[in-house]
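Participant: Let me give you the structure first, and then I'll get to my questions.
The values are calculated or read from the model by the stated rules, or taken from the named source; none is laboratory data. No experiment lies behind these values; they were computed from the predicted model shown. As a convention, Cβ positions derive from the backbone with ideal geometry for all residues, glycine included, and neighbour counts pool all protein chains shown. Just the protein is used for accessible areas: all its heavy atoms, side chains included, with ligands, DNA and RNA removed. Shrake-Rupley method; radii C 1.70, N 1.55, O 1.52, S 1.80 Å.
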Amino acid sequence: MLTWSLNVLLALAAPADLILTGGHVLDDGRLAPGVNPGARASGAPAPAGLRPRTPVATAAVAPGPTALAIRDGRVLALGSDAAIEALAGPRTGRVALRGATVLPGLTDAHLHVESLGASLEQLDLVGVASLAEARARGREAAAALPAGAWLQGRGWDQNDWKEQRWPTASDLDAGDHPAFLTRIDGHAAWVNARALALAGIGDATPDPPGGRILRDAAGHATGVLVDAAMDLAQARIPAPDEATRLRRLQRGLEACARFGLTGVHDAGLDLPGVALYKRLLAEGRLPVRVYVMLASSDFLAAGEGLTPEVGLGDGLLTVRAVKAYADGALGSRGALLLEPYADEPRTRGLLALQRDDFARLLRLALQRGFQVGTHAIGDAANRLVLDAYAAAFGQAGGTARRFRIEHAQVVSPEDLPRFKALGVIPSMQPTHCTSDMPWAGARLGPQRLPGAYRWRSFLDQGLPLPGGSDAPVESADPRLGLYAAITRQDREGQPAGGWQPQERVSALEALAMFTRHAAFAAFEEDERGSLAPGRRADLTVLDRDPLAVAPAELLQARVLLTLVGGRVVHEAAR
Ligand SMILES: [Zn+2]
């Protein structure tokens, strides 16, 4: 009797917790070729089948598994429906895929969770087509605020406006409310007179280091603050309390789960924010995996006492990276360039770091076992970061440290091979390219343009190319990132053939950017980023196969299910 009971117990322990059958499962057989980070020799051309000009020959690929079994939060097996059915027991949960496609769970390798959550609560000016409309929306939002509260918003872009000019303080009619509206790239703010007064900004106020107060011909502040100058006004906005921050983090992550993301790299968070993540984790309220990059100021202040924390909560939370900034953004001409801006020859952009502090940060990170991801957009900023990384690595080399450059948008041809030589990972956001392409040429001029947003060139070096969105700068929706990476076109399919099309990537490579390469950039490639027995059961289930459909159809794909560690964190109404 005892023996019999034990057998029953063993049998009950052995079956899968959950099986998914009747779909297409994109396992390593479909995804492995050409997407192993670092696998290809430097400079060697991509295999012909991976070139963007050649559509992926899906018909030639052997049919892959149709079903997948999960146990204890990990992939137990992949195979035919019959083989997977055999692993089911009486308590096994079942998902009928009905032809849907199971991808390795998508990861966004660069976004800002709290800002994403906050953006869901603020005046949203993304896609607004004129200054007049932005003004009207601002007026309306201000009218709904309690007395004295700051009007906060984000997402405006004067390049998209009919008026084609910077906004001014007097354009912003918010009544008695001070107003602070962040530009789409997060690198400039449009403020009103009340905010300027509260910030103490007058004609005599000098530009702070790393920042600029836009002024008219008479020297008066116009109401746009660039990069570090934003802090003058932002410092006056009452800080969000803990409950607000917690709510924003959670809302941001929930939005990610709805988009089909199973993991995110949070690109710059303070230590109190990390404590809030730990609270969410302890309360079982972290829907997707979070890989935290600590804000450099917090890291420098506390660095000696900090140790990486890897895989807390069964891999839900990791804190082992530091985020630094080398420059600003291209749209606001804050990106640091080697030569002046083509459309504003008086400036080359802004340096956002102190070289000594940065060298100290790199030393400390190497000592303490932290990865560093440095924001660098202009070619001068990228060179400066590569130089600093090389100096910090010294003779020992740094490949194993997997240091990253976030954005790596404009890279001089001489610097391109240095990424591979130093083992530095370019962490890139495909939708930045397709958002910037209408005006990037004006900023950079024709000579530098081919050096911008060089995904193909980086991949051809054999480098991993983790993909992200930089949300809320862009939408966190990974379908948009995949589409942009494959096409280099806007959602209307313009320009025909793609902008600087030599840098497009294949659908397979685009998917690798948001799966395997993102995992590699977080030292997690043995745990996630692909589907194989033993890997974490992080799955994104789409109603169609992104490797088989035309890119434009990808934009219509529906996220049916998001699973993290075998747990359903988002389910679409069917
Ligand atoms: Zn960012």
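Participant: Hey, does the stretch 99-112 have a residue that's over 25 Å from Arg258 (Cβ atoms), at pLDDT 95 or above and away from the ligand (no atom under 16 Å from the Cβ)? Reasoning before the result, please.
Facilitator: If we filter the stretch 99-112 for residues that are over 25 Å from Arg258 (Cβ atoms), which is where we start, we get none.
There is no residue in the stretch 99-112 that is over 25 Å from Arg258 (Cβ atoms), at pLDDT 95 or above and away from the ligand (no atom under 16 Å from the Cβ).
Participant: Moving on to the next point. Give the residues of the stretch 469-486 that are under 16 Å from Thr562 (Cβ atoms) and open to solvent by 10 Å² or more (accessible area, probe 1.4 Å), sorted by residue number.
Facilitator: Matches in the stretch 469-486: Asp477, Arg479.
Participant: Here's another thing I want to ask about it. Assigned to a loop (DSSP other than H, G, I, E, B), open to solvent by less than 10 Å² (accessible area, probe 1.4 Å), at pLDDT 95 or above and away from the ligand (no atom under 16 Å from the Cβ): is that true of Leu337 in this structure? Steps first, answer last, please.
Facilitator: Details: assigned to a loop (DSSP other than H, G, I, E, B): yes; open to solvent by less than 10 Å² (accessible area, probe 1.4 Å): yes; at pLDDT 95 or above: yes; away from the ligand (no atom under 16 Å from the Cβ): yes.
Considered against the rule, which asks whether it is assigned to a loop (DSSP other than H, G, I, E, B), open to solvent by less than 10 Å² (accessible area, probe 1.4 Å), at pLDDT 95 or above and away from the ligand (no atom under 16 Å from the Cβ), Leu337 comes out as yes.
Participant: Here's something else I'd like to know. If I ask for residues that are among the acidic types (Asp, Glu), touching a residue at least 12 places away in the same chain (Cβ under 8 Å) and in a helix (DSSP H, G or I), which ones from the stretch 106-161 would you list?
Facilitator: The first filter runs over the stretch 106-161 and keeps only residues among the acidic types (Asp, Glu), leaving 108, 114, 121, 124, 133, 140, 157, 160.
Subsequent filtering for residues that are touching a residue at least 12 places away in the same chain (Cβ under 8 Å) retains 108, 114, 121, 124, 157, 160.
Glu114, Asp160 - these are the residues of the stretch 106-161 that are among the acidic types (Asp, Glu), touching a residue at least 12 places away in the same chain (Cβ under 8 Å) and in a helix (DSSP H, G or I).
Participant: Can you give me the number of residues within the stretch 267-321 that are surrounded by 19 or more Cβ atoms within 10 Å (Cβ to Cβ) and not in a helix (DSSP H, G or I)?
Facilitator: Qualifying residue count for the region: 20.
Participant: Only one of these is within 19 Å of Phe419 (Cα to Cα), surrounded by fewer than 24 Cβ atoms within 10 Å (Cβ to Cβ) and out of contact with any strand residue (DSSP E or B) (no Cβ under 8 Å at 6 or more places or on another chain): Arg368, Arg360, Arg383, Arg355. Name it.
Facilitator: Working: Arg368 fails: within 19 Å of Phe419 (Cα to Cα); Arg360 fails: within 19 Å of Phe419 (Cα to Cα); Arg355 fails: within 19 Å of Phe419 (Cα to Cα).
Sole residue among the options that is within 19 Å of Phe419 (Cα to Cα), surrounded by fewer than 24 Cβ atoms within 10 Å (Cβ to Cβ) and out of contact with any strand residue (DSSP E or B) (no Cβ under 8 Å at 6 or more places or on another chain): Arg383.
Participant: Look through Ala195, Ala243 and report the one residue that is closer than 30 Å to Ala302 by Cα, part of a helix (DSSP H, G or I) and among the hydrophobic types (A, V, I, L, M, F, W, C).
Facilitator: Working: Ala195 fails: closer than 30 Å to Ala302 by Cα.
Step by step, each of Ala195, Ala243 is checked, and only Ala243 is closer than 30 Å to Ala302 by Cα, part of a helix (DSSP H, G or I) and among the hydrophobic types (A, V, I, L, M, F, W, C).
Participant: OK, next. Could you tell me whether the stretch 18-31 includes any residue that is outside any loop (DSSP other than H, G, I, E, B), of a type in the set (Ser, Thr, Tyr), at pLDDT 95 or above and under 21 Å from Ala519 (Cβ atoms)?
Facilitator: Applying the first criterion (outside any loop (DSSP other than H, G, I, E, B)) to the stretch 18-31 yields 18-21, 24-25, 28-31.
Subsequent filtering for residues that are of a type in the set (Ser, Thr, Tyr) retains 21.
The next check asks that each one be at pLDDT 95 or above; those that pass are 21.
This time we only want the ones that are under 21 Å from Ala519 (Cβ atoms), so: none.
No; the residues of the stretch 18-31 include none that is outside any loop (DSSP other than H, G, I, E, B), of a type in the set (Ser, Thr, Tyr), at pLDDT 95 or above and under 21 Å from Ala519 (Cβ atoms).
Participant: Give the residue, chosen from Ala96, Ala132, that is small (Gly, Ala, Ser), surrounded by fewer than 16 Cβ atoms within 10 Å (Cβ to Cβ) and more than 24 Å from Gly566 (Cα to Cα).
Facilitator: Ala132
Participant: Does at least one position in the stretch 548-561 carry a residue that is among the β-branched types (Val, Ile, Thr), more than 26 Å from Gly373 (Cα to Cα), free of Cβ contacts under 8 Å to residues at least 12 places away in the same chain and in a loop (DSSP other than H, G, I, E, B)? Steps first, please.
Facilitator: Here is the first cut: in the stretch 548-561, the residues among the β-branched types (Val, Ile, Thr) are 549, 559.
Narrowing the set further to residues that are more than 26 Å from Gly373 (Cα to Cα) leaves 549, 559.
With the extra rule that they be free of Cβ contacts under 8 Å to residues at least 12 places away in the same chain, the set shrinks to 549.
Filter once more, so that each one left must be in a loop (DSSP other than H, G, I, E, B): 549.
Yes, there is a match, as at least one residue in the stretch 548-561 is among the β-branched types (Val, Ile, Thr), more than 26 Å from Gly373 (Cα to Cα), free of Cβ contacts under 8 Å to residues at least 12 places away in the same chain and in a loop (DSSP other than H, G, I, E, B).
Participant: May I pose another question? Taking into account only those residues within the stretch 392-449 that are within 16 Å of the ligand (Cβ to nearest atom) and in a helix (DSSP H, G or I), which is farthest from Asp185 (Cα to Cα)?
Facilitator: Pro430
Participant: Go through the stretch 160-175 residue by residue and tally those that are in contact with a Gly (Cβ under 8 Å, 6 or more places away or on another chain) and either more than 19 Å from Ile213 (Cα to Cα) or open to solvent by 70 Å² or more (accessible area, probe 1.4 Å) (or both).
Facilitator: 4
Participant: Now, a different point. Yes or no: Gly223 within 25 Å of His407 (Cα to Cα) and open to solvent by less than 70 Å² (accessible area, probe 1.4 Å)? Can you show your working first?
Facilitator: Working: within 25 Å of His407 (Cα to Cα): no; open to solvent by less than 70 Å² (accessible area, probe 1.4 Å): yes.
No; evaluated as a whole, the condition is false for this residue.
Participant: Quick check on the stretch 255-277: of everything there that is of a type in the set (Gly, Ala, Ser) and either under 13 Å from the mean Cα position of the chain (by Cα) or away from the ligand (no atom under 15 Å from the Cβ) (or both), which residue is farthest from Leu306 (Cα to Cα)? I'd like the intermediate steps shown before the answer.
Facilitator: Residues of the stretch 255-277 of a type in the set (Gly, Ala, Ser): 255, 257, 260, 263, 267-268, 273, 275.
Pick out the ones that are also either under 13 Å from the mean Cα position of the chain (by Cα) or away from the ligand (no atom under 15 Å from the Cβ) (or both) and you get 255, 257, 260, 263, 267-268, 275.
Numbers: Ala255: 30, Ala257: 30, Gly260: 32, Gly263: 23, Ala267: 18, Gly268: 16, Ala275: 13 Å.
Residue satisfying both the conditions and the ranking: Gly260.
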